[in-house]
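The structure under discussion appears below in the form of structure tokens.
The values are calculated or read from the model by the stated rules, or taken from the named source; none is laboratory data. Because the structure is a prediction, the values reported are computed rather than measured. Note: ideal-geometry Cβ built from the backbone for every residue, glycine included; neighbour counts use all protein chains shown. In case anyone asks, the SASA skips ligands and DNA or RNA and just uses the protein heavy atoms, side chains included. Shrake-Rupley method; radii C 1.70, N 1.55, O 1.52, S 1.80 Å.
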Amino acid sequence: MNQLIQSLVDALSSGATLGLAALAIGLVFGVIRLANFAQGEIITASAYSIIFTWQLGWYVAIPIALIIGIILSLLMEVGVFSRMRTATPATLLVASFALSFLLQRVYELLFTNNVQTAPVAPELARSISLGGIRVQMLSVATILIAGLLLFGLIQFLNKSIWGLQLQAAAADFRTARLVGIPASRVIGLSFVLSGVLAAAVAFVSTVKTGAVGPTFGIPIVVLALIGAVIGGIDKIYGALAGGFLVGFATSMLASWLPSDMSNFKDAFVFLLVIIVLIIRPSGLLVRGGTVRT
Amino acid sequence: MLTGDIGLIVSDLAVDYSGVPAVRGISFDVPAGHAIGLIGPNGAGKSSTLLGIMGAVTRQGTVEVNGQDVGGLSPEKVVRRGVSLVPEGRHIFGALSVRDNLRLGGVGRRSKDGYDDTLAYVLELFPILGEFADRQAGLLSGGQQQQLAIGRALMADPDILMLDEPSLGLSPTAVDSVFDALSAIRQAGKAVLVVEQRAEFTVAFCERTYVLHDGEITLTLQPEDAHNVDKLTKAYFG
């Protein structure tokens, strides 16, 4: 029983992390049809900043990680993607691959190929007892951070006029412009929010590993992209739920697969993804997402 | 000749899609307080004309709104110059509430002043939108969605309201209700440009109706032509 609850808490934590990462991808995709693979490098940049500045205190390191996430995200938009407005989603995806590989090489040049380490929030690495059941404090903290972020984000999206503009643009970009919603404002906003989410994901992932290398963000963004696609990448909340499901399933498989099969947990996840996409190509959580004939 | 302040002047407007012409240098104007119709068969260039005026497609020629050239402006900036479009198929934001759709319509206003007055005007014009303010817009009936789409466009407080096939897919009662509202909007001094398939209805409603064929204006009809079957048949079939 204890093991089940522990693995459930870990799975919720992993799901929350990937949910945030997938939401960042879904926000941008909804507006400009860009599945930004280079989102992983925004996570990596924020993670490096946390490693290098943690000794200055969390109240310095976390704001710096946020600022770096937002600035790098906006730089990608201004420097690359804004110049490709008429490009197809496939071209944009390829461009984001190129940007991702370029930034990985930049990180190698700046910080070498070796991982950089620092004890980030070591107090969260301990386990605590909740009602007699021991759970990782980091897992609980991750669930709380993700929950608070999501609550704030949902309030912003549903209550503020800026959030409504972002939702409208994500639902129907052309009509949003015809209604008078400024394209540049909502695109910029989607990149700012994706930068904030990248910093949050970087924080919880850095606390978990304590080490950051040039490809730190890749495994996160791959799973987040898969989650966003199976949830329905063009629906903001679909991407979030899809990311959560993939994170949850990956963690549960890691906990419950026999030890000689645990290395294949990603293969099982990908198999699940293939099955879902065959049955519902538009995404698991998109209404009307049935097989195309 | 129609009299009244000229709200919209379109001169030599041309629109093409990758070199394939959709609109071939048409000119017309829409005075304030008048309704002007554009009719014609499918593919005549009616919707492209509206999108060209909005700057949503690449266009040539000039488009003047209240004496100011809006050529080269993005759709959102054209809205801020006083032109609103109710797109074909309504395109309301179905996942959002009626209230939020109307709020979003207000984003394109030239001035924040008078927002409450405009909202009161829209709710007076379409009381059902007030009644269903918290309902998800996608759950409204087709006629109610059309009212919402017009209400959303009016929230920008435009001088020129353009509608692309507002009767499409609506019941006769809903069509009457929409055109009653358009009458009131016209009487309030706004210029109305309406694209329609229903020729007889449009010709009767509008002070002047242009017939488009293959991207060109081929005929101008007056309200008294509404029941002239020969003229209407010629308008569509040449």
Count of lysine pairs, the protein assembly as shown, Cα-Cα under 23 Å, sep. 8 or more residues or interchain, comes to 10
Protein accessible surface hidden between A and B, which excludes ligands and nucleic acids, total in Å², probe 1.4 Å: 1700
Trypsin sites (Lys or Arg not before Pro) within segment A:47-114: DSSP coil, no more than 14 neighbouring Cβ in 10 Å: A:R85
Give me the angle, in degrees from 0 to 90, between the Cα long axis of helix B:172-187 and the longest principal axis of the Cα atoms of chain B, rounded to the nearest 10. 90
Probe of 1.4 angstrom, ligands and nucleic acids ignored: what's the accessible area per residue over segment B:61-141, in square angstrom? 47
For A:Y59 and A:L102, extending 7 Å from Cα along the Cα-Cβ vector and measuring point to point gives, in nm, a value of 3.9
Computed [θ] at 222 nm, deg cm²/dmol, chain A (DSSP H ≥ 4; -39,500 (n - 2.57); rounded to nearest 500): -24500 deg cm²/dmol
Summing +1 for each Lys or Arg and -1 for each Asp or Glu, what net charge is found among the other residues whose Cβ lies under 10 Å from the Cβ of B:L73? +1
Quick tally, 1.4 Å probe accessible area for A:K208, B:K231, B:K190, sorted with the most first, runs A:K208, B:K231, B:K190
Give the residue from B:Q147, A:S46, A:I154 lying farthest towards the positive end of the charge dipole for the protein assembly as shown; charges sit on Cβ (+1 for Lys and Arg, -1 for Asp and Glu) and the dipole is referred to the Cα centre. A:S46
About the Cα centre of the protein assembly as shown, what is the dipole size in debye to 20, counting +1 per Lys and Arg Cβ and -1 per Asp and Glu Cβ, all else neutral? 1400
Net charge dipole size for segment B:2-150 [Lys, Arg +1 and Asp, Glu -1 on Cβ; Debye, nearest 20]: 320
May I ask for the net charge around A:R134, where only other residues with Cβ less than 14 Å from the Cβ of A:R134 are counted and Lys, Arg are +1 while Asp, Glu are -1? 0
What are the ³J(HN,Hα) couplings of segment B:146-158, residue after residue, when phi is run through the Karplus curve with 6.51, -1.76, 1.60 and θ = phi - 60°? Round to Hz, x for glycine and proline. 5, 4, 5, 4, 5, x, 4, 5, 5, 4, 7, 6, x
Hits for chain A under the membrane-span-like helix rule (DSSP H, Cα axial span at least 24 Å, Kyte-Doolittle mean at least 0.5) are A:2-32, A:58-79, A:89-111, A:137-159, A:183-209, A:236-256
May I ask you to rank B:D214, B:D117 by accessible area, largest first, using a 1.4 Å probe over the protein chains only? B:D117, B:D214
I need the calculated FRET efficiency for the pair B:V20 and A:N113, taking r as the beta carbon distance and R₀ as 35 Å, to the nearest 0.05. 0.10
For segment B:29-95, give the magnitude of the charge dipole about the Cα centre (Cβ charges: +1 Lys/Arg, -1 Asp/Glu; no others), in debye to the nearest 20. 140
